[in-house]
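Here the structure is laid out as structure tokens; the discussion comes afterwards.
The values are calculated or read from the model by the stated rules, or taken from the named source; none is laboratory data. Note that this is a predicted model, so its numbers are computed, not measured. So basically every Cβ, Gly included, is an ideal-geometry build from the backbone, and we count neighbours across all protein chains shown.
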Amino acid sequence: MTQKLFTLKDLLPVAQKNHFAIGAFSARFTGMIEPIIRAALELQSPVIVQISKVEFSWYQISLPYYVRKFHEIYSKVSPNVPVCLHLDHTNTLEFVQEAVSGGFSSVMIDASSRPLEENIAYTRQVVELARKRGVSVEAELGRILSSDKFETTSEEEIFTDPLEAERFARETGVDALAISIGTVHGVYFTKQPKIDFDRLEAIRKHVQIPLVLHGGSGIPVEQIRRAIQMDSGGVSKINIATELEMTLYESLGILERLPDVEFWKLPSQQIARAQDAVRELTKKKIKDYLLSDQKAYLYD
Ligand SMILES: [Zn+2]
């Protein structure tokens, strides 16, 4: 029997207090789960493994299959570091329900395309549903641009308003809040990443719960560290998706996206090479970016 999975509620307040962030690594292939967990284990870092609703369909993976795969690996590796299985961007209560009863320890509801009142009401329903099962909830306020269409299809950027964030956190009871402060999902083609630190400071003044930064691929390290290490607590969860997948493709020398089942049909040396590349990048992010290496002991 392996230990219980962690929630964002277990993980993030400790990170916030101790000025580091926890990486939420998107394992878009089930083959990425093991190298991500092994990287965290090697560096004694807490870690979040995540996948979004859209990714399930892009990579043709069913939720029960994903959870089964995850638990197989989790039992095999049996890591003595905190691990959370998080459902990234999801816009329906039904899918959240499936994840909550299916074995995820955390979920994100993204109702950010709705008007504020509706976003609050919908998010609150998710919180009620998840809380019954001891599952944590992340929500989004403002709108984070997408350049890759893997997570959301948002083409509009709306920065998070600090006062709205205060109200949102209070009325929904979410455990973590994703904010829009200049980062973009996917890789940066034309728009260069620039974190709006004044806005981050203002949000932090009004909101006590942990903050989440999406679009962590390709943000310069100085900006990331500044966002994490702010006196008032900074951001505590950073999502890393696109860069991880690009590294995997590069290691295989392929350009086309594969469905999950095709990945497992590759020759075993290729699978091993891809998994090594994912493990190395995860380690690099944990050490240089997130500053979460050797922090697992804080959860004993
Ligand atoms: Zn996101």
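Return the residues of segment 50-66 that are in a loop (DSSP other than H, G, I, E, B) and at pLDDT below 95; say none if nothing qualifies.
Once the filter is applied, which keeps residues that are in a loop (DSSP other than H, G, I, E, B) and at pLDDT below 95, segment 50-66 yields Tyr59, Gln60.
So is Glu128 in contact with a Leu (Cβ under 9 Å, 6 or more places away or on another chain), part of a helix (DSSP H, G or I) and more than 16 Å from the ligand (Cβ to nearest atom) or not?
Considered against the rule, which asks whether it is in contact with a Leu (Cβ under 9 Å, 6 or more places away or on another chain), part of a helix (DSSP H, G or I) and more than 16 Å from the ligand (Cβ to nearest atom), Glu128 comes out as no.
Please go through segment 216-242 and pick out each residue that is in contact (Cβ under 8 Å) with a residue 40 or more places away in the chain, more than 19 Å from Phe20 (Cβ to Cβ) and touching a helix residue (DSSP H, G or I) at 6+ places or on another chain (Cβ under 9 Å).
Correct list: Ala241 only.
If Lys265 meets every condition in (1) within 20 Å of Ile33 (Cα to Cα); (2) in contact (Cβ under 8 Å) with a residue 12 or more places away in the chain; (3) among the basic types (Lys, Arg) apart from one, which number is that one?
Only one criterion in (1) within 20 Å of Ile33 (Cα to Cα); (2) in contact (Cβ under 8 Å) with a residue 12 or more places away in the chain; (3) among the basic types (Lys, Arg) is unmet by Lys265, namely (2).
Scan segment 205-243 for residues that are within 22 Å of Glu164 (Cα to Cα) and of a type in the set (Gly, Ala, Ser) and jot them down.
Gly215, Ala227, Ser232, Gly233, Gly234, Ser236
Is it fair to say Ser112 is of a type in the set (Gly, Ala, Ser) and loosely packed, with under 14 Cβ neighbours inside 10 Å?
The answer is no for Ser112.
Can you find a residue that is away from the ligand (no atom under 16 Å from the Cβ), free of Cβ contacts under 8 Å to residues at least 12 places away in the same chain and under 21 Å from Val137 (Cα atoms) anywhere in segment 63-73?
Scanning segment 63-73 turns up no residue that is away from the ligand (no atom under 16 Å from the Cβ), free of Cβ contacts under 8 Å to residues at least 12 places away in the same chain and under 21 Å from Val137 (Cα atoms).
Residue by residue through segment 93-125, note down the ones that are touching a residue at least 24 places away in the same chain (Cβ under 8 Å), more than 16 Å from the ligand (Cβ to nearest atom) and farther than 18 Å from Val49 by Cβ.
Of everything in segment 93-125, those that are touching a residue at least 24 places away in the same chain (Cβ under 8 Å), more than 16 Å from the ligand (Cβ to nearest atom) and farther than 18 Å from Val49 by Cβ turn out to be Leu93, Gln97, Ser101, Leu116, Ile120, Tyr122, Arg124, Gln125.
I need a count of the residues in segment 137-163 that are within 16 Å of the ligand (Cβ to nearest atom), modelled with pLDDT of 80 or more and in contact with a His (Cβ under 9 Å, 6 or more places away or on another chain).
Selection size over segment 137-163: 2.
Part of a strand (DSSP E or B) and either within 15 Å of the ligand (Cβ to nearest atom) or β-branched (Val, Ile, Thr) (or both) - does that describe any residue in segment 77-84?
Yes: segment 77-84 contains one or more residues that are part of a strand (DSSP E or B) and either within 15 Å of the ligand (Cβ to nearest atom) or β-branched (Val, Ile, Thr) (or both).
Report those strands (runs of 3 or more DSSP E) wholly inside segment 170-258 carrying at least 3 residues which are within 16 Å of the ligand (Cβ to nearest atom), out of contact with any Asp or Glu (no Cβ under 9 Å at 6 or more places or on another chain) and under 30 Å from Gln125 (Cα atoms).
235-240
So for segment 236-247 (the condition being within 16 Å of Gly31 (Cβ to Cβ) and surrounded by fewer than 22 Cβ atoms within 10 Å (Cβ to Cβ)), does at least one residue qualify?
Checked against the condition, which is being within 16 Å of Gly31 (Cβ to Cβ) and surrounded by fewer than 22 Cβ atoms within 10 Å (Cβ to Cβ), segment 236-247 yields at least one hit.
If the Cβ limit is 8 Å and pairs must be 6+ apart or interchain, which residue in segment 156-176 that is closer than 16 Å to Asp198 by Cα pairs with which residue that is exposed (fewer than 15 other Cβ atoms within 10 Å of the Cβ) and not hydrophobic (A, V, I, L, M, F, W, C)?
From segment 156-176, the pairs are Pro162/Lys205.
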